[in-house]
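Okay, structure first, notes after.
Values quoted throughout were computed directly from the atomic coordinates according to the rules given, and no laboratory measurement underlies them. Keep in mind that this is a model prediction, so the values were computed, not measured. Every residue, glycine among them, receives a Cβ derived from its backbone with ideal geometry; neighbour counts consider all protein chains shown.
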Amino acid sequence: MTSRFKSFLSKPYGLAIVILLSMVIGACVAINLIGKDTALAVDNTTTANQQKAILNEMQQGFISIVDEVLPSVVSITSIKVVSVRDIVPWFDEEFFQDFPWPFSFPKPDQRSIPERKQRQESYGSGVIVRSDGYILTNDHVVGEADIVKVTLKDGRQFEGKVTRDPGSDLAIVKIDARNLPAAKLGDSNKVKPGSWAIAIGSPFGLNNTVTVGVISATGRSEVASDGSQARFYPNLIQTDASINPGNSGGPLVNLDGEVIGINTLIRTSMGVGNIGIGFAIPSNTAKFVMDRLIKHGKVVRGFLGVVPEDLTPEDKERYGVQEGAEVTSVEAGSPADKAGIQVEDVIVEIDGKKVSGELDLRQIIEAIPPGKRVKAVIVRDKKRLTLDVTIGEREQTVALAPGEAKPGLGFNVVDLTPTLAEKYNLSAKLKGVVVTEVDPGSGAERAGLQPGDLITKANGKPVASLSDFKAAVKDIKSGDTLRLIVVSEKNTRIVEVPID
């Protein structure tokens, strides 16, 4: 401290001035800090309001999309009339199961009880695709129904006429109505993982239900069974938008309000509930099928007769190609066989279109009219060859040979063929017999055996053909357990079938 400043403080007024200045400076600093806090509070409030405005805008966007699409979504009731026999004519068998009988209730010979007709109802969804009454849905929703009833968003009900394509699990329902609000089909090839997705339908009969999620993946393949038949889906969109029983046939929608898929399948945990894994048939596939069903009443697909697989990095190096589809099996007498296509050929181009992989080849072939002669470019021993191929017609449904199995097993099997391998998404390099039918209520059904399962071993004996299987089970009798090694598209497992 300088002597002059000390002298200043020694004067009576000097200290008072310093104290006064300190108070003024302190007040200014305090006011400045309060101002900063106030400004910070104002900034935080502004940010919160801006964020809320953004969320409200996003919310309104979803509401607008739903308002646009919802009138085109319908609820479908499928009614099937079946014959049943009751233990007592005026009570069904389930009535007696609710009572704590101290003894087993005697069951008379079912053949001696008269049959009666009973209506079974199931529920699904659909989407209007043309204003003159054409509705797109899943074949598994309406395909086996005797009566199909459609309920519109405005509450009107119509009986529909069904045109099916079991191979794609799609169907068209025609109702007698005009000036309906039709949804717009988008381009599913533009769908990317991470995009928003909206699922609309009638899960568990709850009409006009809306759920939101994202596209989880594209190009998924699945095999699904309803217990009596299995379906192969070579190309699906995966989403975590909640899909449940009853959503089948309803639309999966993008943020432009366009239908990008038809909700079809879900993965469940222990067979119960939604776990955030749902699948939809892409809209481009749906449009291909829809147009042909409406115009021709059926879908005619091209057929080549090969089982293709995607190339691995090792395959690409071995064959000297960067893309294409490897031929793992050729069906005898097929268009591919007649053209000279061989196992281990790589198809890189067909009908002037580049082939990027297995799915690409399937889609190109299906779109080629049967009877058309096309050029197929293949790579064999690292050399490019061009072959002439006359495309055949793919069967509407896979023709399964009559199953053969020992009576009492509760299931039928046939030899694995390239067509069956393609249908059930099995490698054609495998050997065994394919399960084509499982009897309802049988030990095989209880054990979890399903159509599409490939049996490679029975009671410890390798099974490469139907004759091997017959030999393995020839001594089986009622009360025994048949131990099987089973391969499916998803896993390899042990199945123990109790023989009734």
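Relative to one another, the C-alpha centroids of region 245-321 and region 158-178 are positioned 19 Å apart.
Once the other residues with Cβ under 10 Å from the Cβ of THR390 are scored (Lys, Arg +1; Asp, Glu -1), what is the net sum? Residues close to THR390 contribute a combined charge of +2. Projecting the Cα atoms of THR312, VAL374, GLY340 onto the charge dipole of region 275-410, computed from C-beta unit charges around the Cα centre, puts VAL374 farthest toward the positive end. Close Lys pairs in region 302-393 (alpha-carbon distance under 25 Å; sequence gap of 8 or more, or different chains): 20.
Cut-off is 10 Å between beta-carbons; in what order do THR419, THR46, THR137, THR285 appear when sorted fewest neighbours first? Don't skip to the end; give the middle numbers.
Values: THR419 19, THR46 10, THR137 33, THR285 23.
Fewest-to-most ranking of THR419, THR46, THR137, THR285: THR46, THR419, THR285, THR137.
Among the trypsin sites (Lys or Arg not before Pro) within region 411-442, those in coil by DSSP and having at most 11 neighbouring Cβ atoms inside 10 Å are LYS429.
How about region 157-253: which trypsin sites (Lys or Arg not before Pro) there are in a DSSP loop, with at most 12 other Cβ atoms within 10 Å of their Cβ?
Values: sites: LYS161, ARG164, LYS174, ARG178, LYS184, LYS190, ARG220, ARG231; in loops: ARG178.
For trypsin sites (Lys or Arg not before Pro) across region 157-253 that sit outside H, G, I, E and B with at most 12 neighbouring Cβ atoms in 10 Å, the list reads ARG178.
Per-peptide packing, taken as the mean over residues of other Cβ atoms within 10 Å, places 472-483, 248-259 in the sequence 248-259, 472-483 from highest down.
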